[in-house]
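Working notes for the structure below.
The values are calculated or read from the model by the stated rules, or taken from the named source; none is laboratory data. Small disclaimer: the values here were computed from a predicted structure and weren't measured. For neighbour counting, all protein chains shown are included, and Cβ atoms are generated from backbone atoms with ideal geometry for every residue, glycine included. The protein model used for the area step is the full one, side chains on, heavy atoms only, and it has no ligands, DNA or RNA in it. Shrake-Rupley method; radii C 1.70, N 1.55, O 1.52, S 1.80 Å.
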Number of protein chains: 2
Amino acid sequence: MTHPLFEKHQATLEGAVAAIASRAYWSAYPEMPSPKAYGENAAEEGKKAFEAHLGKAFELGQPGQSGWLGGEKSPYGIALDVQYPVCDPEALIAAGQAAMKGWQALGADGRTGICLEILDRLNKQSFELAHAVMMTTGQGWMMAFQAGAPHAQDRGLEAVAYAWREQRFVPADTVWEKPQGKNPPLVMKKHFEIVGRGIGLVIGCGTFPTWNTYPGLFAALATGNPVIVKPHSNAILPAAITVRTIRAVLAENGIDPNLVSLCVTDKRATTKGLATHPAVKSIDFTGGNVFGQWLIDNCRQAQVYAELAGVNNIVIDSTNAYKAMLGNLAFTLSLYSGQMCTTSQAIFVPAGGIETEDGPKSYDEVCADLAKAVERFLSKPEVAHAVLGAIQSADTLERINLANSGELGKVVLASSKLDNPDFPGAEVRTPVLIACDVADEKLYMEERFGPISFIVKVADTAAAIALSERVVSTHGALTTGIYSTKQDVIDAMTEATWRSKVALSINLTGGVFVNQSAAYSDYHGTGGNPAANASYADSAFVANRFRVVQRRYHV
Amino acid sequence: MTHPLFEKHQATLEGAVAAIASRAYWSAYPEMPSPKAYGENAAEEGKKAFEAHLGKAFELGQPGQSGWLGGEKSPYGIALDVQYPVCDPEALIAAGQAAMKGWQALGADGRTGICLEILDRLNKQSFELAHAVMMTTGQGWMMAFQAGAPHAQDRGLEAVAYAWREQRFVPADTVWEKPQGKNPPLVMKKHFEIVGRGIGLVIGCGTFPTWNTYPGLFAALATGNPVIVKPHSNAILPAAITVRTIRAVLAENGIDPNLVSLCVTDKRATTKGLATHPAVKSIDFTGGNVFGQWLIDNCRQAQVYAELAGVNNIVIDSTNAYKAMLGNLAFTLSLYSGQMCTTSQAIFVPAGGIETEDGPKSYDEVCADLAKAVERFLSKPEVAHAVLGAIQSADTLERINLANSGELGKVVLASSKLDNPDFPGAEVRTPVLIACDVADEKLYMEERFGPISFIVKVADTAAAIALSERVVSTHGALTTGIYSTKQDVIDAMTEATWRSKVALSINLTGGVFVNQSAAYSDYHGTGGNPAANASYADSAFVANRFRVVQRRYHV
């Protein structure tokens, strides 16, 4: 007998499983914040729900609470003043472990049904979540809505679909009957129990507090594990709303809500203690290399799924759509002020220039034309603010200043500060473009998170492809791109990406951008280069989060 | 268009995929060494083929050869004197990497077809392989045939089936068409290339040189990786025969045979250098904790799949088939002189004795009766030699002597040396049984590989179950067992194994033994306790051995 919530959401699950199999376009959650999709009053109610959190204590009813902690600073400059419960990690772990037995007993179908109900409920909160994401991360509204709500929910559902596909492949039981020639067969009954590994810790980042949290959260949860969400200290609210909804759905369905909890702390030592706790068996992390590598090196008791820094890059060899190419790149470099782990940082251009449908363009012309394209794209303030959002961290502001100073190479386009009339306190910056020589590896060959890109002068296309491969292999990347009119060049770049194991976008000139990754179709990260040791999502992302414990006896 | 070898073996593949889905009984390779299954002359030809290797140099035609190395000592005391090529590991790595491109280009179907052809060819060599396994490991003939040939081939096929299931789920390409309201849809063509991670290193053990090698070997190979097999220094021949056959099948099918090579060395430093080489991306290891943990700690560039030591244990609470229980245990303790990673080492018996269909039996009676059952089972020399085989290593002989001395506890049954008339040089030993108290943890709570078992006096059944859980959680185990007539006791033990993550055999009294694990049905290891971080076989065993590299463009 299956679970009522499994039956309720079975069509959604089947859609997701079919989508990950075909990798064609599909989505369970409408990406347009329209009344048609979300209801006439959804926008207003969502905004009110968000505003109702401000200046308040965010109750979660978790065990071991010793106080309250807040301190999120909105990149838009508005006051947030939300206080979150501070709970003893040992209490959260013990409570999570205690809740695990009932969660295991539910079986894969029941867990999947409840996860789907949670996602459905989160989807209904999309406006509330979008405001929370926007105001904590500095994303523009449309991006905060899409990436923060439906796209994040799609990534969560994708993980649930992979988890369900692996779990359902394990039969609950079997009769094993081995022929013995003329003697009676050996007959055994065998049972196969799916058990989670133990506490899953999900450590969020400051820029995508839902999109980068939901895959690990739902992968761990669906496979039978308790989950502790440790949000970034400046993007707690989206995680807190998520955890509250999860706890509510669990409780409604007779599951101990302490299966999922929020761990808020301003002490790195607390996070480290939690991450190295023997009960923590998986860690999903998105963030910088230093702490990510610390987790990989020190949390040997856990499976660590880490998305770290990288140096995304694009090779420009030639194009027959020069203007469209520049427009496409301008959007990529501007979106959320380049504060995406998928934004291109290094653009490799041959020293001898490139061929276009308008004739040859020198390296300097490409630099100047890309600068102009970015300026043109951001010339209307309303477009600029919608696309750029605000700068999420002081570190990024510093990096922009450094790049503007000329210390990182010749400034082809300086970053400028814009005033957002709706949010006078917002730190808004346009992208900075720097021209540099291929020899200046120290400039462009480390991640400089934010709207900072390098147009690197490379000997020729072959050298650019070889450089791209080396950068990806040694420093990692989530995305690469190539622009070329020549199939042999595209083939050479393709083979380079097979060796360096990175996704490739070819000749993007339309409404798809190298920094965008669509759930169910685009693998986010390959898990095969230093930028990430896992992918959203594939079988490897879920298959080792549970184990199968068998028992057998004669019948 | 699919590969001819994929079509040739498709029925076998489908059988294996159906078997891992149902986990019912299935086998591709006949386990009886009968003329009916293998041909009238197979036994004789296989023996001749084995004998033809003796005293010779085993040519493989590998690159970088600098000399020859042998030195295997047969536990049966016969002269082997086979010399194997010693090759520069850098040359093997470079040649493997060079061969990878053509292997990748073949795609999952082609690779699967060739792997199935290899297994079919190995199956035809089953007698040759069985003699090689018997004479290098000391296994008895029937076990060497079954575990060394068809059962090992089944485990290899099982890995291929899992690998194929995961790879075929990744579509080669898709058209992604995203609606844009009234505007034309966004349409992209996407390709998804399966690429292996890189060199797979498979480090074999001295007791099961094929059974424990084939899962990792075929999992890595099927998923697109070159493989270097590093056999145990005393069990090279079975691996060498395997590698030669693989290389022949590869060459016949237009694949560079250097995709798979044999690395023979008597220097631990060479193995360590190979294991930590940046090009080595996966390591499959079976063996002791010290080197296994060294690999896990030091080979951070690779995925390490390790089967290490453990303390397998059985709880006896009660039985309604006392004699059959003792007979079943006697077989388990005797088979291959307990030199199996699945042999029970600790048997937990309540201090107050157990209930049986013949009335209560005291702890001392259980000890005495089990000793008698082992003696009775081994009373006929021809049975004893067939079951016991010979002791594989001097270390195991030393451990037996230590146990016999009484230093590890009261000797309930002493190990005795038997003379094998067919092999006067064989070191044959019967099992030693020791009685000890639960408090003497240092005696029974570390692996003492070989025919050494402890009957541990425990307060009561509940304490025994709790102890079993603690032993498995802290020291690991591949197998546990329980004998009880009470469902609540079986349930308590079952729940304990869910927490400690170990396979459980319940009331085995017939022709299935706790130390036996059947491909396609029994998971060998859960991957969830210290005895093994992976399982033969499940999705997690294969899914992270390849990555998917995508490319996309507008259409």
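Using the per-residue mean of other Cβ atoms lying within 10 Å as a proxy for protection, in what order, highest first, do the peptides A:152-165, A:32-45 fall?
A:152-165, A:32-45
What value in Å³ per residue do you get for the convex hull of the alpha-carbon atoms in region A:4-308?
Convex hull volume per residue, Cα atoms: 153 Å³.
Testing the spin-label approximation: label points 7 Å from Cα along Cα→Cβ at B:LYS48 and B:TRP68. State their distance in nm.
2.3
Given a cut-off of under 8 Å on Cα pairs at least six residues apart, what relative contact order in percent is computed for chain B? Mind showing how you got there, number by number?
Details: 1263 pairs, mean separation 95.9, N = 555.
Rounded, it is 17 percent for chain B.
Could you compute how much accessible surface B:THR474 exposes when probed at 1.4 Å, giving the result in Å² to the nearest 10?
It works out to around 80 Å².
Label position 7 Å from Cα toward Cβ: report the copy-to-copy distances for B:PRO421 in nm, one decimal, ordered from shortest.
10.7
Please list the non-local residues whose amide H lies under 5 Å from the amide H of A:GLN83, H modeled 1.01 Å from N, same-chain partners needing a gap of 5 or more.
Residues meeting the criterion, in which the H sits 1.01 Å from N, are A:LYS56, A:ALA57, A:PHE58.
Expressed as a fraction of 2.2 N^0.38 Å, the rule-of-thumb size for a compact globular protein of N residues, what is the C-alpha radius of gyration of region B:1-104? All intermediate terms of the calculation are to be shown ahead of the outcome.
Working: Rg = 19.9 Å, N = 104, 2.2 N^0.38 = 12.8 Å.
It is 1.55.
Can you send over the carbon and sulfur percentage of the accessible area for region A:313-506, probe radius 1.4 Å, protein chains only?
Numbers: 3710 of 7120 Å².
About 52 percent, which is the carbon plus sulfur part of the accessible surface.
Quote the relative contact order of region A:4-308 in percent (integer), defining contacts as alpha-carbon pairs under 8 Å separated by 6+ residues.
It rounds to 19 percent for region A:4-308.
Arrange the residues A:LEU259, A:LEU69 by how much accessible surface each exposes, largest first, with a 1.4 angstrom probe.
In descending accessible area the options line up as A:LEU69, A:LEU259.
What does the accessible area of B:MET142 come to, in Å² to the nearest 10, when a probe of 1.4 Å is used?
80
Only bridges with both residues in chain A count here: give the DSSP antiparallel percent, nearest 5.
In chain A, DSSP labels about 45 percent of beta bridges as antiparallel.
When Cβ neighbours within 10 Å are restricted to other protein chains, what is their mean count per residue of peptide B:523-532?
Going residue by residue through B:523-532 and averaging, the value is 3.
If I take every Cα pair under 8 Å that is 6 or more residues apart in region A:396-549, average their sequence separation and divide by the length, what percent do I get for the relative contact order?
Normalised by residue count, the contact order of region A:396-549 is 16 percent.
Please compute the per residue accessible area over region A:313-506 with all protein chains in place, 1.4 Å probe, rounded to a whole number of Å².
Here the residues of region A:313-506 average 37 Å² of exposed surface.
What total accessible surface area, summed over both chains, is buried at the interface between chains B and A, computed with a 1.4 Å probe and given in Å² to the nearest 100?
It comes to approximately 6100 Å² buried between B and A.
Compute the distance in nm between two label points, each set 7 Å from the Cα along the Cα-to-Cβ direction, one at B:VAL290 and one at B:ASP440.
It works out to 2.5 nm between the two label points.
Please figure out what share of the DSSP beta bridges in the protein assembly as shown is antiparallel and state it in percent, rounded to the nearest 5. List each step's numbers first, then the result.
Numbers: 61 of 149 bridges.
Here the share of antiparallel DSSP bridges comes out near 40 percent.
Other chains near A:537-543: what is the mean number of their Cβ atoms within 10 Å of each residue's Cβ?
Other-chain Cβ atoms within 10 Å of each residue's Cβ, averaged: 6.
Give the average, rounded to an integer, of partner chain Cβ atoms located within 10 angstrom of each Cβ in A:183-191.
4
Compute, for A:VAL290, the solvent-accessible surface of its heavy atoms (probe 1.4 Å) with the complete set of protein chains present, and express it in square angstrom to the nearest 10.
Here the accessible area works out near 130 Å².
Quick check on region B:326-475: of the DSSP beta bridges with both residues there, what percent are antiparallel, nearest 5%?
Antiparallel bridges: around 35 percent, rounded to the nearest 5.
The protein assembly as shown: percent of C-alpha pairs farther apart than 39 Å?
More than 39 Å apart: 50 percent of the Cα pairs in the protein assembly as shown.
Give me the percent of accessible area attributable to carbon and sulfur for region A:127-196, probe 1.4 angstrom.
Exposed carbon and sulfur together represent 54 percent of the surface.
Which of the GluC sites (Glu not before Pro) found in region A:400-448 are loop residues per DSSP with 16 or fewer other Cβ atoms within 10 Å of their Cβ?
Those that pass, being in a loop and sparsely packed, are A:GLU407, A:GLU446.
Assume the label is 7 Å from Cα along Cα to beta carbon: what separations in nm does A:ALA462 have to the matching positions in the other copies?
Label-point distances to the other copies, shortest first: 7.8 nm.
Once phi is turned into ³J(HN,Hα) by the Karplus curve 6.51 cos²θ - 1.76 cosθ + 1.60 with θ = phi - 60°, what whole-Hz value does each residue of region B:60-69 show in order, with x for glycine and proline?
Each residue's phi maps through the Karplus curve to give 10, x, 7, x, x, 6, 10, x, 10, 8 Hz.
If amide hydrogens are placed 1.01 Å from N in the peptide plane, which non-local residues have theirs closer than 5 Å to the one on B:GLN139?
Long-range HN contacts for B:GLN139: B:ALA390.
Just to check I understand the Karplus step: with θ = phi - 60° and J = 6.51 cos²θ - 1.76 cosθ + 1.60, what whole-Hz values come out for region B:530-546, glycine and proline as x?
x, 6, 6, 9, 8, 10, 8, 10, 8, 4, 5, 6, 10, 5, 9, 8, 9
Going by a 1.4 Å probe on protein heavy atoms, which residues of region A:479-504 end up with at least 20 Å² less accessible surface in the whole assembly than in their chain alone?
Going by heavy-atom accessible area, the residues of region A:479-504 that drop by at least 20 Å² are A:THR494, A:GLU495, A:TRP498, A:LYS501, A:ALA503, A:LEU504.
Set the Förster distance to 30 Å, then compute FRET efficiency between A:ASP81 and B:LEU186 from the Cβ-Cβ distance, nearest 0.05. Walk me through the numbers on the way to the answer.
Working: r = 41 Å, r/R0 = 1.36.
Once rounded, the FRET efficiency stands at 0.15.
Run the paramagnetic zone check for A:GLU59: 7 angstrom along Cα to Cβ, then residues of region A:243-276 with backbone nitrogen under 18 Å.
Those under the cut-off are A:243-252, A:257-258, A:262.
Summing +1 for each Lys or Arg and -1 for each Asp or Glu, what net charge is found among the other residues whose Cβ lies under 11 Å from the Cβ of B:PHE285?
Summing Lys and Arg as +1 and Asp and Glu as -1 gives -1.
If I model a spin label at A:THR270 and B:ASP88 as a point 7 Å from the Cα along the Cα→Cβ vector, what separation in nanometres do I get?
With each label placed 7 Å out from Cα toward Cβ, I get 5.7 nm.
What FRET efficiency would be calculated for the residue pair A:ALA105, A:ALA248, taking the C-beta separation as r and a Förster radius of 25 Å, to the nearest 0.05?
About 0.75, to the nearest 0.05.
Could you state the orientation-averaged shadow area of the convex hull built on the Cα atoms of region B:313-506, in nm² to one decimal?
9.9
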